[in-house]
Structures are given as C-alpha cells and as structure tokens.
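Comments concern the structure below.
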Amino acid sequence: MIQSHNGVFKATMDARAGTFLVNGKPVKGLKTFNGTYPGPTLAMKPGDHVEITFINHLTSRRTFTSTASASRRRTSATTSCG
C-alpha cells in the first residue's frame, strides 16, 4: 500500500510485463505495477495533493484506464494513458 503523508501523496508506478501465478497456474504477459500483480493499493485522503509518476516499460500499445473515486463532494475521476 502506498499512502499519503502530511497532505501529500507521491508515488511512482513502474509498469512492466511479468509472469505470475493466477489460480495456481503461471500467466505470462500480465501488466504489473511496481513488480506486483495486482498493483499496489493507493491510499489518499480528500484534499491531498497527488503526484504520480508513470514509467512505462511495456512494449505493447495498450491503453491504461484507472478510475479513482472520492467521497463527499467529489464524485469520480477517470484518467487514461495510451
């Protein structure tokens, strides 16, 4: 888990292809983030300043879509990287 500290959330997300066990069987070519599958949990609080650096080591031209939802007055935000 990557958490915010003192109102600031900073993370580097390193995307790579990897092989991991899924239901006891190796699966090649999975998108991994920071060497894990699934990627880490990102924990921030409403009002935090957010800085995410995305490093793409993948060779395919796949699109990443991440959806973030916040509580209270903010509804949701969706970002994509292609």
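FYI, it's all coordinate maths here, none of it is from the lab. What you see is a predicted model, and the numbers here were worked out from it, not measured in a lab. Methodologically, a virtual Cβ is constructed for each residue, glycine included, from the backbone with ideal geometry; neighbour enumeration extends over all protein chains shown.
In straight Cα distance, which lysines are under 21 Å from K45, not counting same-chain residues fewer than 8 positions off? Correct list for K45: K10.
Taking amide H as placed 1.01 Å from N in the peptide plane, the amide H of G39 sits under 5 Å from that of F33, each at least 5 places away or on another chain.
Close amide H pairs (under 5 Å, H built 1.01 Å from N) link K10 with H5, E51, residues at least 5 positions away or on another chain.
Residues with beta-carbon under 14 Å from that of M13, excluding M13: net charge, scoring Lys, Arg +1 and Asp, Glu -1?
Working: positive: K10, R16, K31; negative: D14, E51.
Around M13, the surrounding residues sum to +1.
With each label modelled as a point 7 angstrom along the Cα→C-beta vector, the N23-N56 pair spans 3.0 nm.
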